[in-house]
Amino acid sequence: MHDADFDHEHPSEFEFGDEIEGLEMFTLTSVGIDIGSSTTHLVFSRLTLRRESGNYSGRFKVTERELLYRSSILLTPYVSATRIDIEQVKTFIREAYQEAGLERDDIDTGVVVITGEALKKENAQPIANFFASDSGKFICASAGPHHEALLAAYGCGAVDLSNHHQATVLNVDMGGGTTKLSLIDRGTVTGTASLSIGARLIAFDQQHRLTRIEEAGRRLLAECGHELELGQAITEEQQGELGRLMAQTLINVLKGEEISELAASLMVTEPVRGFPGLDRIDHIVFSGGVSEHIHGKAQASFGDLGTILGAELSAFLDTLPDGKLKLPVQGIRATVIGAGEYTIQASGNTSYISEHHQLPAYALKVVPIALREGCPFAEALKNALIKFDLHGLTAGLALAFSIDGTLNYGVLRELANAIARVAKMAPHVPLYLLLEQDVAKSLGGVLEEELKIPNTLVAIDGISVGDLDYIDIGAPMGFTEIIPVTVKSLLFPASQEQS
């Protein structure tokens, strides 16, 4: 953060109405790094944040985003089938810093996102640790299939499109190893899924000798009647056959047809909940590397099936009604550009803290849970965790609840029961709860005194968060023990009206 120096003895140096950096506005130099199973790239930006209103509220919003540098796209290197070439990735990133004219000390904040098959590699954690050495500056957002779909839906502009037009939008993010689906209803992602269809399930050299075959690639080759091994040549006819099979399998899923045996075997997750099929949604947005071929932004072959998939899907999309297909704001670069929207909020004396040594706590991933009348709270909590590829309580989470309807003891008890069921399965994990309504102390009492949860507990209220937020919770301050909370929102490329 760059705070302007000023001399208290010379107030005349400031004109009335001037913004004072650090008080009404501040600037950040931010980096967003995306390490995927197929490609790796990064972007540097300068972000200007201004206080949202003139009443010294704690909410700062990004008002200007200046692109400083956009790297080339690196095909993610591997030293074996199970290990990413971390040294080559580091070299690529160091060279990008040099080309951008930036040093590590110049970076105020950043996000590294490790996605797809890259997340499953043996050395994914050391890669994350390499960036986490800048503790407090970087958010490491390792993204499983549901979370990756969520990131893509925001990053390509599909969520903004849905919100702006109050429409139902399907985002299809098609990369090298998987295709992610996100169903978005009036700005809210209601369901996500992933299946193993992608351009680099197989890859080959200039002589068409196979250099990469993923497990799903073998399954699809077998479906076509081919058994090929690394080093063997794959003919153009075989490439076309494989690409057409993948495209048609995906098209059938998009149409909402019954999931075939082949499609079921390729599903990484369960299908999208509540997806009615293309005929009953307003718009579809393709993003990811294959979208560059679909939209004619890439013609060259990268030794994979991208051009074939792009041609097959483009032909299908041409049959849709005018206006159904919308262009993404970003295609292959549909990723975060940093942690850019900072909100400094405070929770009052209705908080509940079982042990003060739990605070401060940094870089907690927010899991928003919307509780609606008529929907069991336990089910809502389970579905919210699945949205982030979580199957229970893990360290580094903050569960954020918004509750519709009347708040009474019965509602609090149902909520407490749902939380306790999850908490007791991970008794040594600290429990951080955020609530919009002022019921943190009451909820904490029910959890600790009535349900006897074994976890240490921090429950704070009056805090507003959303999807893809991270928070820092400070130690209680002053006589009233106000708790400062800094909300860091992942930031995406600026949206624009999509054609």
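Each reported figure results from applying straightforward, stated rules to the coordinates on display, with no laboratory input. Please read these numbers as outputs of a predicted model, since none were measured by experiment. Methodologically, a virtual Cβ is constructed for each residue, glycine included, from the backbone with ideal geometry; neighbour enumeration extends over all protein chains shown.
Summary table
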read-out	value
Distance (nanometres) between label positions extended 7 Å along Cα→Cβ at residue 167 and residue 91	4.6
Flagged links, alpha-carbon separation over 21 Å, of 382/424; 324/387; 90/297	324/387; 90/297
Neighbour net charge for residue 196 - beta-carbon separation under 9 angstrom, K R +1, D E -1	-1
Inter-probe distance in nm under a simple model that places probes 7 Å from Cα toward Cβ, at residue 464 and residue 207	6.3
Inter-part distance where region 424-460 and region 192-246 are each reduced to a Cα centre, Å	50
Gain on full stretching of the segment that runs from residue 25 to residue 421 - 0.36 nm per residue minus C-alpha separation	138.2 nm
Peptides 211-222, 189-200, 429-440 ordered by average Cβ neighbours within 10 Å, highest first	189-200, 429-440, 211-222
Cα gyration tensor, region 158-326 - rounded (a/c under 1.5), prolate or oblate	prolate
Relative intensity, log₁₀ I(q)/I(0), of region 349-481 from a Debye sum that treats every alpha carbon as a point, q = 0.09, 0.21 Å⁻¹	-0.22, -1.42
Estimated FRET transfer efficiency when R0 is 22 angstrom, pair residue 379-residue 259 (beta carbons, to 0.05)	0.45
Shape of region 161-221, Cα gyration tensor, a/c cut at 1.5	prolate
Built amide H within the under 5 Å cut-off of residue 325, gap 5+	284
Qualifying GluC sites (Glu not before Pro) in region 242-284, DSSP loop, other Cβ atoms within 10 Å at most 13	257, 258
Distance between modelled label sites at residue 317 and residue 186, nm, 7 Å Cα→Cβ extension	2.8
Modelled FRET efficiency - R0 30 Å, residue 324 with residue 227, Cβ distances, 0.05 increments	0.15
